[in-house]
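Reviewing the structure listed below.
The values are calculated or read from the model by the stated rules, or taken from the named source; none is laboratory data. Computed from a predicted structure; not experimentally measured. Cβ placement follows ideal geometry from the backbone for every residue including glycine, while neighbour counts extend to all protein chains displayed. Note: accessible area is taken over every heavy atom of the protein model, side chains too, but ligands, DNA and RNA are not part of it. Shrake-Rupley method; radii C 1.70, N 1.55, O 1.52, S 1.80 Å.
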Amino acid sequence: MDYKEQSQRLAGPIALLKYQSTRVAHLVADESCQIFGGRGITKSGMGTNIEAFQRTYKFASILGGSEEIMADLGVRQAMKDFPKARL
């Protein structure tokens, strides 16, 4: 696959996948903090992994482009390939 074909076929689905995965990570971080309560925000003990995840998952949503930009790109790419409606 050359670059042009990659950008036409893969850019939209990858952007939507990134958007979905960062939204799920956000929900997982919030719910795990709710489940563990005060222990979910401590840097030691039972909350170590949850606190570290809450601190670092946000980087994934920022580094490749913000969630809003990725969602917009995915929808625009999908609309290009969608058949035109005839009324």
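Being under 14 Å from A15 (Cβ atoms) and not hydrophobic (A, V, I, L, M, F, W, C) is the filter here; which residues of segment 28-80 pass it?
Within segment 28-80, S61, G64, G65, S66, E67, E68, D72, G74, R76, Q77, K80 meet the criteria.
Quick check on segment 68-86. Is at least one of its residues basic (K, R), within 14 Å of the chain's Cα centre (by Cα), open to solvent by 80 Å² or more (accessible area, probe 1.4 Å) and modelled with pLDDT of 85 or more?
The answer is no; no qualifying residue exists.
Is it true that A15 is surrounded by 13 or more Cβ atoms within 10 Å (Cβ to Cβ), part of a helix (DSSP H, G or I) and in contact with a Gly (Cβ under 8 Å, 6 or more places away or on another chain)?
yes
With the checklist (1) in contact with a His (Cβ under 8 Å, 6 or more places away or on another chain); (2) surrounded by fewer than 11 Cβ atoms within 10 Å (Cβ to Cβ) in hand, flag the one item Y57 doesn't pass.
Of the numbered conditions (1) in contact with a His (Cβ under 8 Å, 6 or more places away or on another chain); (2) surrounded by fewer than 11 Cβ atoms within 10 Å (Cβ to Cβ), the odd one out for Y57 is (2).
Output the residue which, of all residues in segment 18-40 that are within 27 Å of G64 (Cβ to Cβ) and aliphatic (A, V, I, L, M), is most open to solvent (accessible area, probe 1.4 Å).
Of everything passing the filter in segment 18-40, L27 is most open to solvent (accessible area, probe 1.4 Å).
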